[in-house]
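The structure appears below as structure tokens.
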């Protein structure tokens, strides 16, 4: 008798669980049960009981039975939290087909700050005495019409045959910020500023102020075959002020420059948690193209556990007219542990 009661209770629990599950029926006739999530673009995020997390194109859905609600943002910027279903690939609200001409987005992304902090450290004792550390940090936020980003870098190293004979071999830091205003979904104007010091390179400081325009060719474009791409290009003008410890006779304290830059981010489809990036900036003096500044980087981050990741990157800086007795080019190879949010 007890066994029969237990079986009946389990059967009732399973039935209740099935009744509470959301259900997606595809136009092919098959169906999935699980939990319906947010709608991103033209796809429904669905946690299937059998297949795990899926993205299902709304156009392929014959019907959606779900208890959850969705945020609908209209073109007049008003928002409503509504019970939304799908029938024959169309959104249904309050029993009627949703007029998509009045809808800007469904479940728009929450505007929040994103950033990362990465630290690399190396130490050696014995025949060589060495300490080196690199700290990199960045932060950004994207609103509907504006984007703000800033980054900071500090690089330090000391080396010698012993603790008593050690000397600084790297002592550099830089701080940069930029604001973008989007006039369309792809075209934007920008203002930026950068301040840097490098004692080993003989640069007491360099201040740069600039403005211009940019074009966002790809903004988290999801390619089904390759992954997610972001790419933008910028062009503008800048004012540069240098203060060198030992000045090159041909170098000017300040000058006007043109500026070109591009930024690439790529998240491969075939491996999760990996991000590949590349940035480049070129600034020639307006009236003397032989005097120019250039910097670039290329690197990759890969997720280790939770929000911690491993960073590996190469940075390159070039100054055609450096401080007297210094080289024009600096290359840095960085491997460090980071935290991303």
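Annotations for the structure displayed:
- Each of residue 25 and residue 183 was given a label point 7 Å from its Cα along the Cα-to-Cβ line. The distance between the two points is 5.1 nm.
- Inter-probe distance in nm under a simple model that places probes 7 Å from Cα toward Cβ, at residue 205 and residue 253: 1.3 nm
- Theoretical gain in end-to-end length, residue 88 to residue 166 [0.36 nm per residue, Cα-Cα removed]: 20.8 nm
- A simple spin-label model places the labels of residue 81 and residue 138 3.5 nm from each other, with each point 7 Å out along Cα-to-Cβ.
- Average Cα contact separation per residue, the range 54-165, under 8 Å, 6 or more apart, as relative contact order %: 18 percent
- The order of 219, 99, going from fewest to most other C-beta atoms within 10 Å of their C-beta, is 99, 219.
- Pairwise FRET efficiency - residue 308 versus residue 156, Cβ, R0 = 35 Å, nearest 0.05: 0.95
- Separation of alpha-carbon centers, the range 248-310 and the range 99-123, rounded to whole Å: 21 Å
- With Cα atoms, 0 to 90° folded angle of helix 2-20 axis to the chain main axis: 60 degrees
- When each of the peptides 255-268, 68-81 is scored by the mean number of other C-beta atoms lying within 10 Å of its residues, the order from highest to lowest reads 255-268, 68-81.
- In terms of surrounding Cβ atoms within a 10 Å radius of their Cβ, 283, 294 rank from fewest to most as 294, 283.
- Over the chain, dividing the summed -39,500 (n - 2.57) contributions of all DSSP H runs of at least 4 residues by the number of residues returns a 222 nm mean residue ellipticity of -2000 deg cm²/dmol.
- Comparing Cα centroids, the range 178-237 and the range 152-167 end up 33 angstrom apart.
- Linear extension gain, residue 100 paired with residue 49, 0.36 nm per residue minus alpha-carbon span: 15.3 nm
Bear in mind these aren't lab numbers, they're just calculated from the coordinates by the rules spelled out. Everything numeric here is computed off the predicted structure, so don't read it as measured data. Cβ sites come from the backbone with ideal geometry, for glycine too, and all protein chains shown count toward neighbours.
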